[in-house]
Amino acid sequence: MVDSTKGIILVGHGGIPKGFPADIVSKLKRLEAQRRAAGQPMSAEELELDTKIRTWPRTPETDPYQAGLEALGAQMKPMVGSALFALAYNEFCGPTLEQAVEDLIHQGAQSITVVSTMFTPGGSHSEYEIPEEMEELRKQHPGITLNYAWPYNLTHVSKMLVEHIGQFS
């Protein structure tokens with residue numbers, strides 16, 4: 001039986017699928033930079049381009065990053081017990097973190113823990129964007145517990161990496 005009161009979301013960066021028009025990516029990034037500099041919400045044009053890239057058809061060949069995150073999620077899901085489980089992406093791919101949170105809430109989750117694949121401090125997604133988005137989601141869902149499992153304990157990450165290195169020595 002699934003414990004639908006707990007949820008876990010694994011968030012990855014997201015990748016640009018092969019074959020997606022480069023001019024649209026450039027325009028999207030330019031609009032994003034302008035929005036962030038002005039501290040304004042996403043414009044209709046930026047939202048349209050963001051949606052276009054996130055919903056672009058993908059295969060493991062055209063988006064190996066998505067395939068890789070899905071493979072990691074498939075390994076991780078049985079390890080989290082009966083909690084609901086979802087994937088999300090910071091950019092270029094769907095679902096968004098907001099969409100994944102909404103989906104788990106719709107399935108009955110009352111407590112959701114978000115974990116990033118980005119281990120090191122200093123990255124804009126893990127250090128700034130995800131926490132900002134989590135704060136907005138907390139305001140939208142005051143009855144839901146939303147936790148962000150970050151930053152990582154770098155000693156644990158280092159041990160995992162050294163253990164991994166040992167497989168190649």
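Looking across region 77-121 at every residue that is more than 15 Å from the chain's Cα centre (by Cα) and part of a helix (DSSP H, G or I), the one that is nearest to residue 11 (Cα to Cα) is identified as 77.
Among the residues of region 136-151, write down those that are of a type in the set (A, V, I, L, M) and under 17 Å from residue 88 (Cα atoms). Give the derivation first.
At the first step, the residues of region 136-151 found to be of a type in the set (A, V, I, L, M) are 137, 144, 146, 149.
Matches in region 136-151: 137, 146, 149.
For region 1-42: of the residues being within 29 Å of residue 113 (Cα to Cα) and small (Gly, Ala, Ser), which is nearest to the chain's Cα centre (by Cα)? Looking at residues that are within 29 Å of residue 113 (Cα to Cα) and small (Gly, Ala, Ser), I get 12.
For region 1-42, taking the residues that are modelled with pLDDT under 95 and hydroxyl-bearing (Ser, Thr, Tyr), the one that is nearest to residue 73 (Cα to Cα) is identified as 4.
Of all residues in region 131-168, those satisfying the criterion of being among the hydrophobic types (A, V, I, L, M, F, W, C) and in contact with a helix residue (DSSP H, G or I) (Cβ under 7 Å, 6 or more places away or on another chain) are 137, 144, 146, 150. Taken over region 93-130, the criterion of being touching a helix residue (DSSP H, G or I) at 6+ places or on another chain (Cβ under 8 Å), surrounded by 21 or more Cβ atoms within 10 Å (Cβ to Cβ), closer than 18 Å to residue 71 by Cα and not hydroxyl-bearing (Ser, Thr, Tyr) is satisfied by 93, 114. Can you say whether residue 163 is free of Cβ contacts under 8 Å to residues at least 12 places away in the same chain and within 15 Å of the chain's Cα centre (by Cα), as far as the supplied structure shows? No, not satisfied.
Just to be sure I understand, how many residues within region 95-112 are in contact (Cβ under 8 Å) with a residue 24 or more places away in the chain and either under 12 Å from residue 5 (Cβ atoms) or charged (D, E, K, R) (or both)? So the count comes out to 9.
The values are calculated or read from the model by the stated rules, or taken from the named source; none is laboratory data. Since we're looking at a predicted model, the values are computed, not measured. Cβ coordinates were reconstructed from backbone atoms using ideal geometry, including for glycine residues, and neighbour counts include every protein chain displayed.
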